[in-house]
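Presented below is the structure to which this report refers.
The values are calculated or read from the model by the stated rules, or taken from the named source; none is laboratory data. Computed from a predicted model, the values in this text were never measured in an experiment. Here the Cβ positions follow ideal geometry from the backbone for every residue, glycine too, while neighbour counts run over all protein chains shown.
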Amino acid sequence: MRVAGKGLVDRSDTVTFSFDGRSYDGFAGDTVASALLANDVRLMGRSFKYHRPRGVLTAGSEEPNALVTVGRGAASEPNVRATVQEIYDGLQVRSQNAWPSLDFDIMAVNNLVSPFLGAGFYYKTFMWPRKFWERVYEPVIRRAAGLGGLSGAHNPDSYERAFAFCDVLVIGAGPAGLMAALTAARGGADVILADEDALMGGRLNAETYEINGKLGHVWVAEVVDELAEMDNVRLMSRTTVTGAYDHGTFGALERVGHHHGRRDEGAPLECFWRIVAKHSILTGGALERPIAFQNNDRPGIMTAAAVRAYLNRWGVSPGKALTIFGNNDDAHRTALDLAEAGVRIAAVIDSRTDVDIKGDYPVYRGAQVFNTSGGKALESVSIRTINGVEKIQTDCLAMSGGWNPTVHLTCHMNGRPTWRPDIQAFVPSEGAIPGMVAAGACNGTFSTHGCLAEGAQVAGKVLGMLGKKQPDLPLPQAEDAPYRMAPLWAIAGKGRAWLDFQNDVSVKDIKQAAVENFRSVEHMKRYTTQGMATDQGKNSNVGALAVLADATGRGIPETGTTTFRPPYSPVSIAAMGAGAQGKGFAPERFTTSHSASVEAGAPMIEAGLWYRPSYFPKPGEKTWRQSCDREVGYVRKAVGICDVSTLGKIDIQGPDAAALLDFVYTNMFSTLKVGRVRYGLMLREDGTVMDDGTCARLGETHFVMTTTTAAAGAVMKHLEFVAQCLHPEWRVAMTSVTEQWAQFAVAGPKSRDLLNGVLDTPIDNDSWPFMACGDMSVLGVKGRLFRISFSGEHAYEIAVPARYGESLFRELVSRAQGVGGGAYGMEALNVLRIEKGFITHSEIHGRTTAFDVGMAGMISAKKDCIGKVMAGRPGLVAADRERLVGMKPVGAVKLLSAGAHIFAKDAEAVRENDEGYVTSVCFSPEVGTYIGLGFVKNGPERYGEVMRVVDHLRELEVEVEICPPVFFDPEGGRARG
Amino acid sequence: MRLDCPMCGSRDRREFYYQGDAVMLARPAVDAGEAAWDSYLHLRDNPAGQTRELWQHEAGCGAWLVVTRDTVTHAVSAVELASDVKRAMA
């Protein structure tokens, strides 16, 4: 119910939303949790395993119970914490993990059979028969236990990633954080202040503390206003710093669009930030811990701080007659605030005997709540005092077992927190994150004065390290009450006393783990699931640790903590992977002829990031083979045009360019004449082939290297490595010009005639012989011409600046069509090269040597080169290595498949008898049958032998004759002619 | 993770390509023998502590770098141009 005169919500702005189909009103500033409580809705979820009815436990992002699904259809989002989700008009919220309804959940039967479902139950119960795991047990368990589900539809929301940089990142905008940010900002530092809440101020918005004689939230608003006006400050609300990483890098999730229903204004739903900070100040506050006792999980039981937050920030009392149970002074503020607001207090129970409590309500000292009753809402609590047992009628219990500083971020780089016995809690260890200091409640300093003072002090220290002066900033006046508490973790008694509400882990489960020798805290966690899922044990870890310590006879610091890992609170994969969905997963690289190819109906295939035409279909052609065969015919009989711009092109210049090439290629390039091209083979240092391609010498100190499409990046990196790391004394520089030049193969007997129609100066065999290269002018555009051939035909590659690529391609194709040729795609290109036995990365696939591909002779004896020494190792030049051969089917079956393995004719097709494999196959119009390239033991020594090729995957078996890998024009006369 | 490229300044690690131990700068002579080549190519120390490793500022200036990094703390104590390091070895 709402409490008159309380809260920071805007009562003039009514907001209507729905929960499980029913419409409710709240106010601007409400969360789903506060608005539902205001409407007296307390049942908000069902627990993970036992489907017990649950209400909110907290008022923040650490909420373990009130997980809901927000939105409808594809845009629906599961496991949203009702305590974080702000309401807006039209917001649709559904409960989850309950069927058929939250009110009546069939799976609550789990709760009745719970004796069989204790810690590690599925390790013990569902062992046999083994095959039942996947088909029976796991689906059943998954349906019975769980969180909300995804819609299964494509996520229509957009997400972003962004970088930010600052001198000082302040994490958390409570009293310590605001004071630190203000100090650092006034001192001239570049400050980012990030807070997960929509409203900055932390606990000051949830308490009735005064600062400088004003209510805390008034002081907060003044400070935030001042910070917002400063150019050197960025305020990031609704932004959770989720992880601390190396060298001052932080991950942070900004919830940009969750608090309104607008999805059409271009703003993303979430933005994942990487914030780089020279220094960071952790002022993340502290989280109140519950107390474990029987049935401490009924809706209506929550932390004392949550009750104060609902009252003071949202003007809501979670009940009509409240009971407070705690072990520390702080819990009593709840009673004071409630009484002040006129809410009835049923009882205040303090586990300590030596405390002085004043109040106009029943007070029990040295007493404990040991059980509760009620169904889907709390009805009464049972307490044990020195006088005996008593039952108190109450609909809300506010409990406090003390406070845990939020040390999480300080543990993200392997740091372990330090146990402080005086506050019975872990605090950050100094230096756990380089450049980070902690202040305020997250450092174990709990009074408002202490938080303000420490915030100012650490900011001053950071300013000093930045070489800036601490500003003269008077410390505001605030309360400085000591934090007095006595440890109280679990109340002795029968039944299940819950520790981890989200995972349904009870005190008994922890004790059971200890009994079964899962005594290490990490083992206990995995055995019981304590501290897993969305809240990561924020409420329960320390309590569970205390129980484990007790059960194993150790102290808490000796027992240790589990490891806190990023993220601090859940981050959607969509936010971390923003921009990488769909087409964003891999950039697309298009050649200049792309649209011309697409217009011609060519299916485009991926080659690395590039897209290349597979073939150019003509009307009447029913299969790709018909198109491919026709295109092969263009090149063999007339002239074909193919875009080869995707091959890597590296411009290499400098007096030592030739020396570099001699060193990276196996063969000589220093002897290459200007105006000539040479084929080169490149090895890795271990002796295997890295890449091959041609290299043209355009000038005494100027070369252009081509690489295969796939290896362009690796070769570039390799050249830079050699030039910078092995021979920095060489005067040579290189740059990739792949995208600057559009390059087209003009191949076939009519290639020169076609070119002479477009070149400004005609060429002939004397002026432009085989392997010649140089500058030329095409239709008035300056470009380059290389007489090289990947088809075995009389062929050229013509290159122009990329901006002329499309028009040149269209012109060349049109002219080719006029003489019985046309464009050809990757399929035809592949046939043409297989017929000639030219290798690609199908053959030089990272395990083959120059010897294997029949190019051992290309390793020059006159010089050193990368890979030369290792290529000479005996094992790499043994005759019985699998070496390159060609093959033709000779039996009844005429089909070949790449990937098939090769066996002796009469050998059984098993691994022990494997003698090689097929790497490339095609139907050769020239040969009239399928042909293939592959590797066979002793390779060339077996020409003429008939062998057995078996493709176990495609269940194909073919007899082949092993032959030389060149099927067409072995003398090479056609390319030279 | 951040690296201070001597050319470009402090940059996110996503701009860099990691190669491996900086021993790759010390390429043996052709006649150094099998053991030296084996060591150069295959044998690497795996220390808990300081390592010197090769990175390339692939999405930046292209410079190859020798990064001195502590494998335990991930603290980077030096980033040098590999060409400078190699020249100094000569």
*Give just the number: which of (1) part of a strand (DSSP E or B); (2) buried (at least 20 other Cβ atoms within 10 Å of the Cβ) does A:Ser597 not satisfy?*
(1)
*Go through the range B:22-37 and give me each residue that's surrounded by fewer than 15 Cβ atoms within 10 Å (Cβ to Cβ) and under 13 Å from B:Val67 (Cα atoms).*
none
*Check off (1) surrounded by 19 or more Cβ atoms within 10 Å (Cβ to Cβ); (2) part of a loop (DSSP other than H, G, I, E, B); (3) at pLDDT 95 or above for A:His51 and give me the number that stays unchecked.*
(3)
_Check on A:Pro557, of a type outside the set (A, V, I, L, M) and not in a helix (DSSP H, G or I)_ = no
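Would the range A:710-722 turn up any residue that is under 30 Å from A:Glu843 (Cβ atoms) and part of a loop (DSSP other than H, G, I, E, B)?
Scanning the range A:710-722, I find at least one residue that is under 30 Å from A:Glu843 (Cβ atoms) and part of a loop (DSSP other than H, G, I, E, B), so the answer is yes.
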*How many residues are at the interface with chain A (Cβ under 9 Å from one of its Cβ atoms), of a type in the set (Asp, Glu) and under 24 Å from A:Gly867 (Cβ atoms) when one looks only at the range B:39-90?*
1
*Is the range A:931-954 home to any residue that is in contact with a Cys (Cβ under 7 Å, 6 or more places away or on another chain), outside the structural domain of A:Ser767 (by TED's automatic domain parsing), under 25 Å from A:Ser791 (Cβ atoms) and crowded, with 16+ Cβ neighbours inside 10 Å?*
yes
_Search result, residues across the range A:698-709 that are within 21 Å of A:Arg676 (Cα to Cα) and part of a loop (DSSP other than H, G, I, E, B)_ = A:Glu700, A:Thr701, A:Thr708
*Residue selected from the range A:426-452 under the condition over 37 Å from the mean Cα position of the chain (by Cα) and surrounded by fewer than 21 Cβ atoms within 10 Å (Cβ to Cβ), by the criterion nearest to A:Thr562 (Cα to Cα)*: A:Ser447
*Which of the residues spanning the range A:666-684 are surrounded by 21 or more Cβ atoms within 10 Å (Cβ to Cβ) and under 39 Å from the mean Cα position of the chain (by Cα)?*
A:Leu681, A:Met682, A:Leu683
*Going by the conditions given, is A:Thr410 among the hydroxyl-bearing types (Ser, Thr, Tyr), touching a residue at least 40 places away in the same chain (Cβ under 8 Å), within 30 Å of A:Gly560 (Cβ to Cβ) and part of a helix (DSSP H, G or I)?*
yes
*Top-ranked residue of the range A:293-323 - restricted to ones that are aromatic (Phe, Trp, Tyr) and in a loop (DSSP other than H, G, I, E, B), ranked as nearest to the chain's Cα centre (by Cα)*: A:Trp314
*Segments classed as strands (runs of 3 or more DSSP E), wholly inside the range A:175-292, with at least 1 members that are away from chain B (no Cβ under 14 Å) and of a type in the set (D, E, K, R)*: A:233-236, A:249-255, A:270-282, A:286-288
*Could you give me the residue pairs with C-beta distances under 9 Å whose first residue belongs to the range A:557-579 and is among the aliphatic types (A, V, I, L, M), whose second residue is at pLDDT below 90 wherever it lies, and which are 6+ apart or on separate chains?*
A:Ala574/A:Asn155; A:Ala574/A:Asp157; A:Ala574/A:Gln581; A:Ala578/A:Gly584
_Odd one out for A:Leu683, checked against (1) farther than 16 Å from A:Gly846 by Cβ; (2) in contact with a Cys (Cβ under 9 Å, 6 or more places away or on another chain)_ = (1)
*asked:* Quick check on the range A:728-741: of everything there that is more than 8 Å from every other protein chain (Cβ to nearest Cβ) and in a loop (DSSP other than H, G, I, E, B), which residue is nearest to B:Met24 (Cα to Cα)?
replied: A:Trp730
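Right, A:Thr761: out of contact with any Pro (no Cβ under 9 Å at 6 or more places or on another chain), surrounded by fewer than 21 Cβ atoms within 10 Å (Cβ to Cβ) and within 14 Å of chain B (Cβ to nearest Cβ) or not?
no
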*Looking at this structure, is A:Leu698 more than 10 Å from chain B (Cβ to nearest Cβ), under 26 Å from B:Ala26 (Cα atoms), touching a strand residue (DSSP E or B) at 6+ places or on another chain (Cβ under 8 Å) and in contact (Cβ under 8 Å) with a residue 12 or more places away in the chain?*
no
*When the range A:796-825 is examined, which residues are found to be surrounded by fewer than 24 Cβ atoms within 10 Å (Cβ to Cβ) and either of a type in the set (D, E, K, R) or not assigned by TED's automatic domain parsing to the domain that holds A:Asp753 (or both)?*
A:Arg803, A:Glu806, A:Arg810, A:Glu811, A:Arg815
*Could you grab me the full set of residues in the range B:4-36 that are touching a strand residue (DSSP E or B) at 6+ places or on another chain (Cβ under 9 Å), more than 16 Å from A:Asp686 (Cβ to Cβ), of a type in the set (A, V, I, L, M) and more than 8 Å from chain A (Cβ to nearest Cβ)?*
B:Met7, B:Ala22
